[in-house]
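Written below as structure tokens is the structure these notes are about.
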Amino acid sequence: MEFRDSPQDVEFRNEIRAFIDTELPKEMARDGEWGLFNGSGRRPADFGAFWKEWLNKLNARGWGAPAWPREHGGGGLGIKDQFILSEEFAWRRAPRPGGIGHGWAGPTIMVYGTEEQKAEHLPKIISGEKVWCQLFSEPGAGSDLASLQTRAVRDGDDYVVNGQKIWTSGAHTADMGILIARTDPDAPKHRGISYFLVDMKTPGITTRPLVNMLNSHEFNEVYFEDARIPASALLGEENRGWYLAATTLDFERSGIATSVAHQLIVKELTGYARNGGIESQLSRKPELRTELAERAIEARVESLISYRIISMQERGEIPNKESSIAKLFSSELDVRLAVTGMNIAGLYSQLNNRDDARAMGGRLARFYMHSTTSPIGGGTSEIQRNIIATRGLALPRG
């Protein structure tokens, strides 16, 4: 593993830093893993206009979708340059496009889509014209996704879809969705599944909100009731969708942005413990020094795991168990960081008032409640441990 930047790497880092310093207004910077704007938790009123202009500037440099080939509007950057870009943007808290469209739908369409599908969807993902969601999980098919029951039956030039999806992030604002549904109920469960590119405004598709503990609407239930999806929306071959879905889930990232965000949180928690809006907690609770030191070490370990993954990718290797190690460590560190924040603030950590400095404007309460989802989303900790055990340690399946 090479930790030192080459002269070309240093030059690219300096280019990114200069761009952010020149183009990013401070009030538009995101507040790291807290998911807030400029520490206030309130999105600036003019963010929409800024985002459109900012996205155009990123795309002009190929930084909107750095991993995408240039012919599809991306940057065509190498693995190391993508890593450096993510790292620098994370340290500067600069917003970047992402989500299902950039990270999963677009790359899968590039691999399996027809020329018509590529021409129809890829430019609209890059430009931000179309927002995507992922229609995979079901009430009875989460970790065991291949047990899904949503049906798609061919009827002339359409497929008629019936079933339910759940935990669909952003479905209420999405224009398009990537859907997997069963097209052959008699086939083994990993077969007989097909992959579709779905217009979310299709009649028969209903989205219902799932409001979380933060009283925030991010997740949704999505119902399909005789929704007719054109056969041209089928991606790849019928009944081969499971393999496409596996490709979608294989578009892993190193996780460096989350690692940087966690290091920034440790820094903020330390500053708050030392001289926050209440009496210095480090003087009242000396044991917090050890706890904060442990979090700082863990955040650094997390970054080293990211470096390992990026080093493997540069050598042309495909991270497998390493990606599960990174996800497991990162999501559980999220929870430990939140607990440390609660320990520092004590009862003040229950306050959710954005204007009360005693609990960092309510960030501690919101962070704690949000962190409970980290070991679940994107593959539960139990699933990651199974992958590490079987693929990494060659242990027998229990």
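Since every read-out is calculated from the coordinates, none of them should be taken as a lab result. What you see is a predicted model; the values in this text were computed from it and never measured. For neighbour counting, all protein chains shown are included, and Cβ atoms are generated from backbone atoms with ideal geometry for every residue, glycine included.
What the table shows:
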| item | result |
| --- | --- |
| Least to most buried among 327, 26 (fewest other Cβ within 10 Å first) | 26, 327 |
| The range 153-214, relative contact order in percent, only Cα pairs under 8 angstrom and at least six apart counted | 29 percent |
| Theoretical gain in end-to-end length, residue 285 to residue 5 [0.36 nm per residue, Cα-Cα removed] | 96.8 nm |
| Of 285/321; 80/267; 130/327; 26/124; 118/201; 118/165, those spanning more than 30 Å from alpha-carbon to alpha-carbon | 285/321 |
| FRET efficiency, residue 347 to residue 226 (Cβ-Cβ, R0 45 Å, nearest 0.05) | 0.30 |
| Whole-Hz couplings from phi, Karplus 6.51/-1.76/1.60, listed for the range 265-275; x for Gly and Pro | 5, 4, 4, 5, 5, 5, x, 5, 5, 7, 8 |
| The range 78-224: translational diffusion in µm²/s, Stokes-Einstein, Kirkwood Rh over Cα pairs, 37 °C, 0.692 mPa s | 195 µm²/s |
| Exposure proxy ranking, count of Cβ atoms within 10 Å, fewest first, for 190, 370 | 190, 370 |
| Karplus 3J(HN,Hα) series, Hz, for the range 161-170 with 6.51 cos²θ - 1.76 cosθ + 1.60 (x for Gly, Pro) | 10, 9, x, 9, 10, 9, 6, 8, 4, x |
| Residues 223, 368, 195, sorted so that the one with the fewest Cβ neighbours within 10 Å comes first | 223, 368, 195 |
| Positive-pole candidate from 192, 102, 122, dipole of the chain, charges at beta carbon | 102 |
| Percent of Cα-Cα distances greater than 14 Å, calculated over the range 61-150 | 69 percent |
| Helix axis angle, 47-61 relative to the chain longest principal axis, alpha carbon, degrees | 80 degrees |
| Given the chain, longest segment not containing exposed loop GluC sites (Glu not before Pro) (DSSP; at most 14 other Cβ within 10 Å) | 3-128 |
| Hydrodynamic radius of the range 252-392 per Kirkwood, over alpha carbon pairs, in Å | 16.0 Å |
| Cα-centre dipole for the chain with unit charges at Cβ (Lys and Arg positive, Asp and Glu negative), debye to 20 | 980 debye |
| Pairwise FRET efficiency - residue 382 versus residue 186, Cβ, R0 = 25 Å, nearest 0.05 | 0.25 |
| Whole-number percent relative contact order across the chain, with pairs defined as alpha carbons under 8 Å at least 6 apart | 13 percent |
| Helix-only [θ]222 nm of the chain, DSSP H runs n ≥ 4, -39500 (n - 2.57) each, per residue, nearest 500 | -13500 deg cm²/dmol |
